[in-house]
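K.L.:
This is the structure I have questions about; it appears just below.
The values are calculated or read from the model by the stated rules, or taken from the named source; none is laboratory data. The shown structure was predicted, so the numbers you read here are calculated from the model rather than taken from an experiment. Virtual Cβ from ideal backbone geometry, glycine too; neighbours counted across all protein chains shown. With ligands, DNA and RNA removed, areas are computed over all heavy atoms of the protein, side chains included. Shrake-Rupley method; radii C 1.70, N 1.55, O 1.52, S 1.80 Å.
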Amino acid sequence: MRGGKVTGKRKATDIFGGALPPPPPSVEHHRHIPNSRDSDASFASSRPSSIGLTRDLHSDRSHQSSSIRSINTFLASHNFPISLRANPVPPVKDISETLKFLLSTVDCPCDTLKWDEDVVFFLKSVNCPFKLTKSTLRAPNSPHNWPNVLAVANWLVQYARFRQYLASNPSVAPDANSMRLFGFQSFRHFIRNEDDLVNDLDSDFLGKLEAEKASIAETISNCEKVSGELDTKLDALRKGPSRKEALERVKAELEKDVNKFYTMVTERSERTRGMEKVVEEKEKELAAKEEEKERICEENKGLKKSVEEQSFNVRDVERMKRELVAVERGVEEAEVARDGWEQKAWEVNSKISNQFHQIQRLAIDCNQAMRRLKVDVQFAVNERGVEPGEVMGVDYKGVVKPALCSLYDGVKEGSMKKVEELVTLQEQASELASKMESRKRLLGSIQLQINEAEEKMRIVKKEAQEFAAKCDLEVKTMAEGLKTEERNLEDVEKEAAEMLKASEVRLEEEAKQSEAEVQATAAKLFALIDSISKHKEYMDSKILEVKTRVADTASAVSEIYKASLKKQLGV
């Protein structure tokens with residue numbers, strides 16, 4: 001009974017020494033004592049990591065880039081000449097030098113030749129949640145190994161920063177006024193063999209810690225609620241458009257519409273002027289065509305009279321008929337052209353009316369928007385206006401622009417007030433966030449102490465069992481991996497032999513088939529050549545017959561023509 005109590009009380013009072021955790025022993029010392037534990041960092045590392053890094057999380061590109069930035073900032077703060085990069089993956093030399101430097105920052109110098117063994121042994125000794133092997137460190141920049149190596153490097157950086165923080169801030173350690181007094185009183189009762197008083201002191205101190213923990217948790221929850229409310233307000237102010245932005249958008253849309261109206265009016269007025277000019281020219285051409293038509297009709301009448309008075313032969317009559325037909329065709333074409341120009345003039349008038357109706361609809365929309373903005377400006381469209389101001393009924397520079405400028409000034413003043421309110425809210429949110437972070441850090445330190453006091457004995461008992469189970473699992477997995485690789489190799493060799501045999505058989509079949517196809521095509525080709533030669537001979541004979549017939553018909557026609565010519569001359 002006495003021995004069990006002595007050992008238990010010794011380990012309980014070791015936690016509250018008030019000093020920093022001792023540096024980890026050397027690697028050689030661990031090699032001689034494989035079951036020993038190096039420092040209090042092992043207890044923190046055996047628990048679930050507060051960072052929450054996993055293999056799947058480190059496979060993410062965004063998380064990898066953030067981890068690399070954290071590592072590079074730590075290396076730059078220590079004036080280390082090497083910096084890692086995300087894409088492409090760093091070379092093996094840079095990764096190895098970085099790991100050696102990170103081990104040196106946690107007071108664990110490693111051998112230059114067996115540095116990989118030192119890294120693996122150190123990670124096992126401090127119970128790192130990420131495991132590395134010698135084979136992984138031989139090719140750390142491979143796609144399969146790089147996420148795990150990066151996770152280990154980031155964990156070493158966080159561990160080194162934690163050690164530096166403890167060394168630079170001794171106030172983070174347990175409070176000297178309470179924790180050291182508790183340790184002193186507990187040890188004094190233990191020396192005096194007053195176990196009941198030790199138990200009472202332990203229960204009282206744990207009750208105080210629990211009460212302090214509950215009060216801090218309550219304050220943190222209240223701060224979190226306040227910060228959540230402020231965050232929601234800040235998000236609403238950031239996401240939602242301000243009144244200034246909304247009015248500026250409406251103003252920009254109205255200016256665009258007004259400019260569009262003016263451009264449309266100017267374009268339509270220019271087009272109507274051009275069309276009127278074209279119509280006037282066409283009317284002039286039409287009048288000229290009508291005068292020419294009248295002149296041609298008078299000439300035709302005079303020609304008819306002269307024709308009736310004169311005697312004409314057959315050729316003159318035919319020529320005059322052709323000229324009359326040409327004149328009539330020209331008259332018809334002129335009438336068709338006149339109809340076409342009249343159709344175009346009607347289409348232009350219809351387009352002008354449609355555009356004017358569109359301008360009226362847009363002016364109504366602008367008037368409604370001006371009423372919503374409480375601007376005393378209204379557009380009145382005039383169909384008889386020539387200039388844009390006459391068409392829209394309002395001068396833009398004299399009336400519309402000053403009203404919009406005054407509206408813009410009012411919106412600007414309101415937005416400045418909103419910006420000042422937003423700045424004050426941001427300052428309040430930052431103050432509450434800093435207070436909440438300080439409370440969280442205090443609660444974390446207290447929670448860390450409580451967890452170390454509760455789980456130290458459990459970890460000591462389970463460490464040997466877990467290490468043995470891990471070794472057995474690694475041996476089994478390696479053996480199973482070797483067996484599966486041998487089976488896969490045998491299966492691949494069998495498949496390769498079968499594929500080789502099948503390809504040889506297929507090659508022979510395809511060679512035979514190609515030879516048979518070549519012979520068949522050659523026979524078809526020879527038959528086709530024979531048929532072509534026979535057809536050529538047949539066509540040559542037919543051509544000779546046609547030529548002889550043509551010559552005979554030509555001679556017969558010439559004789560008939562000569563006979564008819566002789567008859568006519570004789571007559």
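K.L.:
Checking residue 289 against (1) surrounded by fewer than 14 Cβ atoms within 10 Å (Cβ to Cβ); (2) under 30 Å from residue 339 (Cα atoms), only one condition comes out false. Which one?
P.N.:
(1)
K.L.:
Is it fair to say residue 151 is closer than 22 Å to residue 69 by Cβ, assigned to a helix (DSSP H, G or I) and touching a helix residue (DSSP H, G or I) at 6+ places or on another chain (Cβ under 9 Å)?
P.N.:
Here the answer is yes, as residue 151 does meet what is asked.
K.L.:
Against the condition within 30 Å of residue 431 (Cβ to Cβ), of a type in the set (D, E, K, R) and at pLDDT 85 or above, how does residue 245 come out, does it pass?
P.N.:
Working: within 30 Å of residue 431 (Cβ to Cβ): yes; of a type in the set (D, E, K, R): yes; at pLDDT 85 or above: no.
It is false that residue 245 is within 30 Å of residue 431 (Cβ to Cβ), of a type in the set (D, E, K, R) and at pLDDT 85 or above.
K.L.:
Report those helices (runs of 4 or more DSSP H) wholly inside the range 1-120 carrying at least 1 residues which are surrounded by 13 or more Cβ atoms within 10 Å (Cβ to Cβ) and modelled with pLDDT of 80 or more. So that I can check it myself, show each step before the final result.
P.N.:
Details: elements: 2-13, 27-32, 41-46, 55-58, 61-77, 92-105.
The helices (runs of 4 or more DSSP H) meeting that bar are 61-77, 92-105.
K.L.:
Could I ask something else about it? What number of residues within the range 173-184 are surrounded by 15 or more Cβ atoms within 10 Å (Cβ to Cβ) and either assigned to a helix (DSSP H, G or I) or modelled with pLDDT of 80 or more (or both)?
P.N.:
Looking only at that region, the number is 4.
K.L.:
Residue 487 - would you say it is open to solvent by 100 Å² or more (accessible area, probe 1.4 Å), out of contact with any His (no Cβ under 9 Å at 6 or more places or on another chain), under 30 Å from residue 131 (Cα atoms) and modelled with pLDDT of 80 or more?
P.N.:
Here the answer is yes, as residue 487 does meet what is asked.
Listed here are the residues, each with its yes/no results for (1) acidic (Asp, Glu); (2) under 30 Å from residue 410 (Cα atoms).
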{"residue": "194", "(1), (2)": "yes, no"}
{"residue": "225", "(1), (2)": "no, no"}
{"residue": "232", "(1), (2)": "no, yes"}
{"residue": "244", "(1), (2)": "no, yes"}
{"residue": "257", "(1), (2)": "yes, yes"}
{"residue": "267", "(1), (2)": "yes, no"}
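K.L.:
When residue 385 is evaluated against the numbered criteria (1) surrounded by 12 or more Cβ atoms within 10 Å (Cβ to Cβ); (2) modelled with pLDDT under 75; (3) closer than 30 Å to residue 288 by Cβ, which criterion, by number, is the only one it fails?
P.N.:
Answer for residue 385: the failing condition is (3).
K.L.:
Okay, next question. Here is a check on your reading of the model: is residue 407 modelled with pLDDT of 75 or more, among the hydrophobic types (A, V, I, L, M, F, W, C), closer than 30 Å to residue 246 by Cα and open to solvent by less than 80 Å² (accessible area, probe 1.4 Å)?
P.N.:
The answer is yes for residue 407.
K.L.:
Also, quick follow-up: Residues that are in contact with an Asp or Glu (Cβ under 8 Å, 6 or more places away or on another chain), of a type outside the set (Phe, Trp, Tyr) and at pLDDT below 80: does the range 448-471 have at least one?
P.N.:
The answer is yes; a qualifying residue exists.
K.L.:
I'm trying to understand the selection: among the residues of the range 94-109, which are over 34 Å from the mean Cα position of the chain (by Cα) and not acidic (Asp, Glu)? Walk me through it before giving the result.
P.N.:
So the first thing to find is which residues in the range 94-109 are over 34 Å from the mean Cα position of the chain (by Cα), and the list is 96-97, 99-109.
Within the range 94-109, 96, 99, 100, 101, 102, 103, 104, 105, 106, 108, 109 qualify.
K.L.:
Continuing with the same structure: Which number in (1) at pLDDT 80 or above; (2) open to solvent by 90 Å² or more (accessible area, probe 1.4 Å); (3) under 16 Å from residue 224 (Cα atoms) marks the one condition that residue 433 misses?
P.N.:
(2)
K.L.:
Just to verify a result, which residue in the range 410-430, among those that are within 30 Å of residue 379 (Cα to Cα) and within 36 Å of the chain's Cα centre (by Cα), is surrounded by the fewest Cβ atoms within 10 Å (Cβ to Cβ)?
P.N.:
Result: 412.
K.L.:
Moving on. What do you reckon, is residue 499 surrounded by 10 or more Cβ atoms within 10 Å (Cβ to Cβ), part of a helix (DSSP H, G or I) and in contact (Cβ under 8 Å) with a residue 24 or more places away in the chain?
P.N.:
When the stated conditions are applied, residue 499 does not pass them.
K.L.:
Another one. It is to be established whether one or more residues within the range 440-455 are open to solvent by 80 Å² or more (accessible area, probe 1.4 Å), more than 30 Å from residue 126 (Cα to Cα) and either under 48 Å from the mean Cα position of the chain (by Cα) or touching a residue at least 12 places away in the same chain (Cβ under 8 Å) (or both).
P.N.:
Residues of the range 440-455 that are open to solvent by 80 Å² or more (accessible area, probe 1.4 Å), as a first pass: 440-441, 454.
Subsequent filtering for residues that are more than 30 Å from residue 126 (Cα to Cα) retains none.
No, that holds for no residue.
K.L.:
Being open to solvent by less than 80 Å² (accessible area, probe 1.4 Å) and under 30 Å from residue 408 (Cβ atoms) is true for just one of 377, 331, 348. Which residue is that?
P.N.:
Working: 331 fails: under 30 Å from residue 408 (Cβ atoms); 348 fails: under 30 Å from residue 408 (Cβ atoms).
The unique qualifying residue is 377.
K.L.:
Condition first: surrounded by 10 or more Cβ atoms within 10 Å (Cβ to Cβ) and over 32 Å from the mean Cα position of the chain (by Cα). Can you find one or more residues in the range 237-252 that meet it?
P.N.:
yes
K.L.:
Is there any pair linking a residue in the range 205-233 that is more than 18 Å from residue 428 (Cβ to Cβ) to one that is exposed (fewer than 11 other Cβ atoms within 10 Å of the Cβ) and of a type in the set (A, V, I, L, M, F, W, C), with Cβ under 8 Å and at least six apart or on different chains, and which?
P.N.:
Correct list of pairs: empty, since none qualify.
K.L.:
Every residue in the range 191-203 that is over 59 Å from the mean Cα position of the chain (by Cα), modelled with pLDDT of 80 or more and in a helix (DSSP H, G or I), please.
P.N.:
Of everything in the range 191-203, those that are over 59 Å from the mean Cα position of the chain (by Cα), modelled with pLDDT of 80 or more and in a helix (DSSP H, G or I) turn out to be 195, 196, 197, 198, 199, 200, 201.
K.L.:
For the range 148-157, give me each residue that is surrounded by 19 or more Cβ atoms within 10 Å (Cβ to Cβ) and within 29 Å of the chain's Cα centre (by Cα). First the steps, then the outcome.
P.N.:
Here is the first cut: in the range 148-157, the residues surrounded by 19 or more Cβ atoms within 10 Å (Cβ to Cβ) are 149-157.
Within the range 148-157, 149, 150, 151, 154 qualify.
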